[in-house]
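Asks: Below is a structure I'd like to ask you about.
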Amino acid sequence: MAQARKLLFVLAGALFLGCSVAEDLACEGFDYAALNPANDADYCRYQIDVGNRPQVGQVCLAHPEDVLPTQAAFGEVDANCVEAELEKKAQAKDGSLKQYLASHQAPAVLGPNGTVYITDHHHLSVALLRAFLPYEKPYFHRTLYVCITHDFSQLSKKVFWKGMQEKALVFLQNNFGEPITEDELPTSVKYLRDDPYRTLAMYARDSFGFVKCGNSATTNFKQCDNGKIEAKPFIEFRWGNLYRKRFPSKGIYTESDQMQVLAFQGYLNDVIKFSTDPINSHMEGFNEEPVAAGPVVLDAHGCIAETPSWPGPPSPSEGDSSSDKDEDEDEDEDEDSDEDSSSNDEDFVQTVVLETSEWFRSSLTS
């Protein structure tokens, strides 16, 4: 009997390693218009409860409070910026909110006992939970589009978590970069704790201090192989840990979001320079073409207003068509019209950054 149980355990482990042959399958091409937030049958929770669990490669709906996180921390400022974006799109009442949510599918794993664990888009989930949205159509609110990437629902809890760690689908560290167990993961994205260095990693990532393969901004980087390579989950946390060691500041955890932003902005050039130093070439995402690195421009709320452009060759799909040219001209006109209205914010940020940079430099040793 004991041997039989041991054999079943081994087979379960093998199942974990082999049952996700479609783990690289993205839920592309699904018709998000066919999913109705007002229809219970389109929700992951309902499908699981009635014994018709969603399949790998399928998209179902979920409220952010109904999914479980696979990380314990997040970047408060990052989530705030996403929240503002959601509220802006909701106010437009033109369908752009639904399109945005549908195009930002949260990859998820089906776990034991009917659980659904998201492995990315935790910041979007937090933002959905927090955002103030108009209530003319409540059924559009707080709806995640969940892409099922793995089905491990038949595994025991022990085998499940062992495999989740082996596949790097969970990040077992708290907001100070200290190790935790799976039992210490929050029971909701609502309880994620702020890690300021995750915010710093966001700024470094979008400045191309390091390269996160798998999105349109990095497609042309050689190391991303024309978009064929996708970064492992939680890459920002790994770089954040590196920054935590190189730029330690205990005080940053107790500062307001605004002071965190101003401090990091004043130090971002040093962070980018450090990121692209060959000493960090062992890190996933190390920028092999540092000519692409340049600091992002932030607005007064710490959200990214402008990212550096990579001076590399255009992708094969890009060209000099007249439509592209017209698009660029329209964007230039929009930028010109926004320039006056944003100048006061920029002046404020630049002034306070100058005053804050020296404080932050001195705090690094505190």
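The values are calculated or read from the model by the stated rules, or taken from the named source; none is laboratory data. Since the model is a prediction, treat every value here as computed from it, not as a measurement. Note that each Cβ is placed from the backbone with ideal geometry, even for glycine, and that neighbours are counted across all protein chains shown. Side chains are part of the model used for accessible areas, which takes the heavy atoms of the whole protein and leaves out ligands, DNA and RNA. Shrake-Rupley method; radii C 1.70, N 1.55, O 1.52, S 1.80 Å.
Asks: I'd like the Kirkwood hydrodynamic radius of the stretch 196-239, using the inverse of the mean 1/r over distinct C-alpha pairs, in Å. Could the numbers behind the result be given before it?
Replies: Values: mean 1/r = 0.0947 Å⁻¹.
For the stretch 196-239, inverting the mean 1/r across all distinct Cα pairs yields 10.6 Å.
Asks: So, one more: Apply the Karplus curve 6.51 cos²θ - 1.76 cosθ + 1.60, θ = phi - 60°, to the phi angles in the stretch 82-92 and return the couplings in whole Hz, x for Gly and Pro.
Replies: These are the phi-based 3J(HN,Hα) values: 5, 4, 5, 5, 5, 5, 5, 5, 5, 5, 5 Hz.
Asks: May I ask you to derive the FRET efficiency for GLN154 and LEU68 from their Cβ-Cβ distance with R0 = 25 Å, giving the value to the nearest 0.05? Numbers along the way, then the final one.
Replies: Values: r = 18 Å, r/R0 = 0.70.
According to the calculation, E is roughly 0.90.
Asks: Could I ask something else about it? Check LEU144: other-chain or 5+ apart residues with amide H under 5 Å from its amide H, H built from backbone geometry?
Replies: Amide H neighbours of LEU144: ALA62, HIS63.
Asks: Translational diffusion coefficient, Stokes-Einstein: compute it for the stretch 56-182 using the Kirkwood radius over C-alpha pairs as Rh, at 37 °C and 0.692 mPa s, and state it as an integer in µm² s⁻¹.
Replies: Here the translational diffusion coefficient equals 212 µm²/s.
Asks: Separate question: Report the calculated FRET efficiency for GLU289 and ASN113 (r = Cβ-Cβ distance, R0 = 35 Å), to the nearest 0.05.
Replies: On the way: r = 46 Å, r/R0 = 1.31.
Using R0 = 35 Å, I get an efficiency of 0.15.
Asks: Follow-up. Once the piece of chain linking GLN99 and ARG193 is laid out straight, how much longer is it, given 0.36 nm per residue of separation minus the C-alpha distance between them?
Replies: 31.0 nm
Asks: For the stretch 126-239, just say rounded, prolate or oblate: build the C-alpha gyration tensor, square-root its eigenvalues into a ≥ b ≥ c, call rounded for a/c under 1.5, and beyond that prolate if a/b exceeds b/c, oblate if not.
Replies: Rounded is the answer for the stretch 126-239, as its axis ratio a/c remains below 1.5.
Asks: Same structure again: Calculate, in whole percent, how much of the Cα-Cα pair population of the stretch 136-201 lies beyond 20 Å.
Replies: Pairs farther apart than 20 Å: 49 percent.
Asks: How do MET283, MET202 stack up against each other in accessible area, from largest to smallest, with a 1.4 angstrom probe? Please report the intermediate quantities before stating the final value.
Replies: Working: MET283 35, MET202 10 Å².
Accessible-area ranking of MET283, MET202, largest first: MET283, MET202.
Asks: 7 Å from Cα along Cα→Cβ at both GLU28 and SER309: what's the point-to-point distance in nm?
Replies: Label-label distance for GLU28 and SER309, simple model: 2.6 nm.
Asks: Could you tell me which of the pairs LYS162/LYS228; LYS89/LYS190; LYS98/LYS162; LYS212/LYS245; LYS88/LYS232 are separated by over 24 angstrom between their Cα atoms in the structure shown?
Replies: Exceeds cut-off: LYS162/LYS228; LYS98/LYS162; LYS88/LYS232.
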